[in-house]
C-alpha cells in the first residue's frame, strides 16, 4: 500500500510537535518543592504538570478554532496563544503569592544580572537560596515555553483531526498523550528545578531532543497504523 501525502504529514507533524514539546518544557520555570518554600525560582510544581496544564489550555483554544477553520496556522497559533496565556497567568499569580505572602523579591539564582532588564540579582537574593519567585528573565522564558509547546500541540491536533480523521475528543486525547510522554522525558532531563533558557540545565536540551525524536517517531507510526485501520468515519 503506497503512502499518501497525508500519511507522511501525520508522522511529520507528530514528530515536530513532540520536539516542540520537549523544547517548550525546557523553557518553563519549574520550581517544585524548593519554590514552594521560596528557596528557588519558578512555579512550585513539576515539569510534567506545568507542561500538561499549558498544552491542555492550548488544545482548548485549538479545538475551538478548528470547529470553524481548517487553516493549520490558525489552529497551531491559537494553541500557542492559549498555552502562553495560561502559563503567564500561573507565573503572575505565583509572584503575587511570593511577594505578598512570603515577602520576597523575585530574583534569579542563576544569573548575577538580569539579561533582559540589566537589573542586579545577587544583592536581593536571600542567602542560602537559589533565588525565589518568577523574575523577569524566568517569566519571559516561561512565556516562550508555553507558546512553543502550545504551537506543537496545535500542529499535532490538526494532523490527528484533519489528516488522521480522528474525532475532536480522540485527537485531543492522543495529542495530550504524546505531549505527556515528551514532558516526562524532559522532566528526567531537567531533574529538579530550572530557570529555563538561561539555566545551565538548558544545555542538556540536545540529549532530550534525541529521546523526543525517538518517542515521537514511534507515536507517529502508531497513529499512522491506527489511521490505516480506521473505518471511514474515524474514531
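Multiplying the residue separation of residue 203 and residue 89 by 0.36 nm and removing their Cα-Cα distance gives an extension gain of 38.3 nm. Where does helix 5-27 land angle-wise versus the long Cα axis of the chain, in degrees 0 to 90, nearest 10? Long axis of 5-27 versus the principal axis of the chain: about 10 degrees. Among 55-62, 179-186, sorting by the average number of other beta carbon atoms lying within 10 angstrom of each residue, highest first, gives 55-62, 179-186. Distance between the pseudo-spin-label points of residue 180 and residue 6 (7 Å out from Cα toward the beta carbon): 2.7 nm.
With R₀ set to 30 Å, the beta-carbon distance separating residue 112 from residue 210 gives a calculated FRET efficiency near 0.40. Tilt of helix 205-228 relative to the longest C-alpha principal axis of the chain, in degrees (0 to 90, nearest 10)? The answer is roughly 30 degrees.
Centre-to-centre separation between the Cα atoms of segment 128-189 and those of segment 45-60: 6 Å. Among 91, 156, the order by Cβ neighbours within 10 angstrom, fewest to most, reads 91, 156. Only helical runs count toward this figure. For the chain, summing -39,500 (n - 2.57) over DSSP H runs of n ≥ 4 and dividing by all residues gives -21000 deg cm²/dmol at 222 nm. Packing order of peptides 164-175, 96-107, 78-89, highest average first: 78-89, 164-175, 96-107 (average count of other Cβ atoms within 10 Å over each peptide's residues).
Between the Cα long axis of helix 168-190 and the first principal axis of the chain there is an angle of about 40°, rounded to the nearest 10.
Every number in this text was worked out from the coordinates using simple rules, so none of it is lab data. Since the structure is predicted, the reported quantities are computational estimates derived from the model, not experimental observations. Here the Cβ is made from the backbone with ideal geometry for all residues, glycine too, and neighbour counts use every protein chain on show.
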